[in-house]
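Undergrad: Here you go, one structure.
The values are calculated or read from the model by the stated rules, or taken from the named source; none is laboratory data. Model, not experiment: these values are computed from the prediction. Every residue, glycine among them, receives a Cβ derived from its backbone with ideal geometry; neighbour counts consider all protein chains shown. Surface accessibility is based on the protein's heavy atoms, side chains included, excluding ligands, DNA and RNA. Shrake-Rupley method; radii C 1.70, N 1.55, O 1.52, S 1.80 Å.
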Amino acid sequence: MQTLAQVQHGMDLGWHTGAQVYGSVQGQTRVDLAVGEARPGVPMTTSTIVEWASATKPIPSVAIGLLWQRGLLDLDDPVCLHIPEFAAAGKQAVTIRHLLSHTGGLTSTITGIAPSEEMVADICAAPLADGWIPGTRNAYNSVAMWIVAELVSRVSGRPFTEFIRNEIFEPACMDDCWIGMSADTYRVHQDRIAVIPGFAPSGTEAWVTWGRPTGGGHGPIAQLGHFYEALLDGRLLSARTLEAMTAHQVSGGWDEYLQETVDRGLGFMLGSSNPAHGYGTRASARSFGHGGRTWSVTFADPSERVVVAVYWNGMGDPDTQARRLPDLLDALYDDLAVLTERTDDDAHFAC
């Protein structure tokens, strides 16, 4: 299998200590492998709980899509319509669409771990970035997801974690996933959680239990792949809503934070020619998904109904990631093509 060879090549070069790789076609699992170590002396398995980092962001974004298709909000609503205190410091014009497309220009003074109530209050009180006119500029803005999560709670009338569990994780067959574990749950599953070499917070109780919607998702990477299968299969969003969420909001726009051109939908990075944020040479321009730091990437390619979810247990510098990401994705697409040709199973999505 070419995918396994590519993962092993990276381990031989010291890029990562282990990996999980998942791929499906037409809802049928074709690749689901785990290699190496999750932490020193502990093998990586397909059930090891890994950190998704920013690959988490599409989940709260899809929660907004669910509320929109139920008629409970509009994507062009000013955020302050639902969170009145958000209007402070000149943010009245920021809309939900601006949050999801990273064009809102939000700022925060908090740099460490803080409760969600404190994060939301700080962002609501803070002004926009200097000279920022919402919708006219583009800069990757993680803090916006705290406001997205607060919108989900206030509009639905349910805690964000409860809404995500009931409305996304359960229908998408993600029973082993969390955005912020409870302390008790952490202690039960602690030995199953991967620890990323060189990233000090990784695997610690404070980090895993911090329910940050910006990047706090944890679970086997295959189950994050199930999220995209559920999107393609219509189990989470209607076709109309998914089309709206994955339509270009930013096309080849210069991201002032990333210092690169990007293509964005609402909560999703879209397929493009940008090697840092694209999905390899084989995925179509219709692909949508998100990466997490330099150790995870997940996406769906609706043209071929392919889903890919990859986690490396090791941070890569930009040069390393520019090599291991496209090479692994090309190998995975080759394996998916071969394995699909060898099966006569009827195509369907299932847990």
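Undergrad: Against the definition (under 20 Å from GLY203 (Cβ atoms), touching a residue at least 40 places away in the same chain (Cβ under 8 Å), of a type in the set (A, V, I, L, M, F, W, C) and open to solvent by 30 Å² or more (accessible area, probe 1.4 Å)), how does TRP52 come out, yes or no?
TA: Taking the combined requirement at face value, the residue does not satisfy it.
Undergrad: Cβ-Cβ distance below 6 Å, separation of 6 or more or different chains: which pairs start in the range 8-33 with a residue that is in contact (Cβ under 8 Å) with a residue 12 or more places away in the chain and end on one that is open to solvent by 50 Å² or more (accessible area, probe 1.4 Å) and part of a strand (DSSP E or B)?
TA: Pairs found: THR17/GLU37; GLY18/GLU37; TYR22/ASP32.
Undergrad: Which residue out of SER182, SER156, SER202 is out of contact with any Cys (no Cβ under 7 Å at 6 or more places or on another chain), closer than 15 Å to LEU67 by Cα and hydroxyl-bearing (Ser, Thr, Tyr)?
TA: Step by step, each of SER182, SER156, SER202 is checked, and only SER156 is out of contact with any Cys (no Cβ under 7 Å at 6 or more places or on another chain), closer than 15 Å to LEU67 by Cα and hydroxyl-bearing (Ser, Thr, Tyr).
Undergrad: Just name the residue that is most open to solvent (accessible area, probe 1.4 Å) out of those in the range 94-114 that are hydrophobic (A, V, I, L, M, F, W, C) and more than 21 Å from GLN249 (Cα to Cα).
TA: ILE113
Undergrad: When you go through (1) outside any helix (DSSP H, G or I); (2) surrounded by fewer than 20 Cβ atoms within 10 Å (Cβ to Cβ) one by one for GLU117, which number turns out not to apply?
TA: The number of the failed condition is (1).
Undergrad: Evaluate the following for GLY203: is it open to solvent by less than 30 Å² (accessible area, probe 1.4 Å), under 18 Å from ARG293 (Cβ atoms), among the small types (Gly, Ala, Ser) and not in a strand (DSSP E or B)?
TA: Here the answer is yes, as GLY203 does meet what is asked.
Undergrad: Can you tell me which condition HIS248 does not meet? The list is (1) in contact (Cβ under 8 Å) with a residue 40 or more places away in the chain; (2) surrounded by fewer than 21 Cβ atoms within 10 Å (Cβ to Cβ); (3) not small (Gly, Ala, Ser), and all the others hold.
TA: Among (1) in contact (Cβ under 8 Å) with a residue 40 or more places away in the chain; (2) surrounded by fewer than 21 Cβ atoms within 10 Å (Cβ to Cβ); (3) not small (Gly, Ala, Ser), HIS248 violates only (1).
Undergrad: Given the conditions (1) assigned to a helix (DSSP H, G or I); (2) within 18 Å of the chain's Cα centre (by Cα), report the number of the one that GLY215 does not fulfil.
TA: GLY215 satisfies all of (1) assigned to a helix (DSSP H, G or I); (2) within 18 Å of the chain's Cα centre (by Cα) except (1).
Undergrad: Continuing with this model, one more query. Can you find even one residue in the range 233-241 that is closer than 20 Å to GLU167 by Cβ and free of Cβ contacts under 8 Å to residues at least 24 places away in the same chain?
TA: yes
Undergrad: Shifting gears a bit: Among the residues of the range 288-328, which ones are free of Cβ contacts under 8 Å to residues at least 40 places away in the same chain, among the polar types (S, T, N, Q) and buried (at least 18 other Cβ atoms within 10 Å of the Cβ)?
TA: THR294
Undergrad: What residue, among those in the range 55-75 that are touching a Phe, Trp or Tyr at 6+ places or on another chain (Cβ under 8 Å) and outside any helix (DSSP H, G or I), is most open to solvent (accessible area, probe 1.4 Å)?
TA: Here the residue is ASP74.
Undergrad: If you don't mind, another one. Every residue in the range 7-45 that is open to solvent by 60 Å² or more (accessible area, probe 1.4 Å), closer than 19 Å to ALA331 by Cα and in contact with a strand residue (DSSP E or B) (Cβ under 9 Å, 6 or more places away or on another chain), please.
TA: Once the filter is applied, which keeps residues that are open to solvent by 60 Å² or more (accessible area, probe 1.4 Å), closer than 19 Å to ALA331 by Cα and in contact with a strand residue (DSSP E or B) (Cβ under 9 Å, 6 or more places away or on another chain), the range 7-45 yields GLN8, GLN26, THR29, ASP32.
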